[in-house]
1. Considering (1) in contact with a Gly (Cβ under 7 Å, 6 or more places away or on another chain); (2) assigned to a helix (DSSP H, G or I), say which one THR4 fails and leave the rest.
2. So ILE78 fits all but one of (1) within 24 Å of GLY23 (Cβ to Cβ); (2) in a loop (DSSP other than H, G, I, E, B); (3) hydrophobic (A, V, I, L, M, F, W, C); what number is the exception?
3. What about GLY72, is it surrounded by 10 or more Cβ atoms within 10 Å (Cβ to Cβ) and either acidic (Asp, Glu) or part of a helix (DSSP H, G or I) (or both)?
4. Mind checking whether some residue in the stretch 18-35 is in contact (Cβ under 8 Å) with a residue 60 or more places away in the chain, assigned to a helix (DSSP H, G or I) and in contact with a Pro (Cβ under 9 Å, 6 or more places away or on another chain)?
5. What residue, of LYS64, LYS89, LYS80, is within 25 Å of VAL7 (Cβ to Cβ) and loosely packed, with under 14 Cβ neighbours inside 10 Å?
6. Which of the residues that make up the stretch 22-42 are within 17 Å of LEU59 (Cα to Cα) and surrounded by fewer than 13 Cβ atoms within 10 Å (Cβ to Cβ)?
7. All but one of (1) without any contact (Cβ under 8 Å) to a residue 12 or more places away in the chain; (2) at positive phi hold for GLY72, so report the exception by its number.
Amino acid sequence: MHTTPRVAEHKESEVALLFSDVGLDVMGDDFERFPDALRKEVIKAFPRNHFKKEIIPVLYEGFKHKPETTFGNMKEDIIKHFRPEYENKNFCYCILHSPWSE
């Protein structure tokens, strides 16, 4: 659930906390809420070691063989980064072309 925006905040506290923490660590969400001295202390204890350049390919490796699982979540952006031609399902198309009769 932590990769699906706007869902985590309605789940258990642990899910919401993970979403918040991952957002800070990966994208810098709420970065300015933490004092500069504290941020430097954290970086000293846990160096980022080219995190920005390395995280996207690492994530991609985890689901590149099943891109359809990225429908409706942030991982779709990663698929598009490596495969710009990839088109995921369109939710409206799925509804309008469902096998149900009217």
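Derivation of every value follows stated rules applied to the coordinates shown; laboratory data play no part. The structure displayed is predicted, hence computed values, not measured ones. Every residue, glycine as well, gets a Cβ built from its backbone with ideal geometry; the counts of neighbours run over all protein chains shown.
1. The one condition THR4 does not meet is (2).
2. Here ILE78 meets the rest and fails (2).
3. no
4. no
5. Matching residue, one of LYS64, LYS89, LYS80: LYS89.
6. Scanning the stretch 22-42 gives a single hit, MET27.
7. (1)
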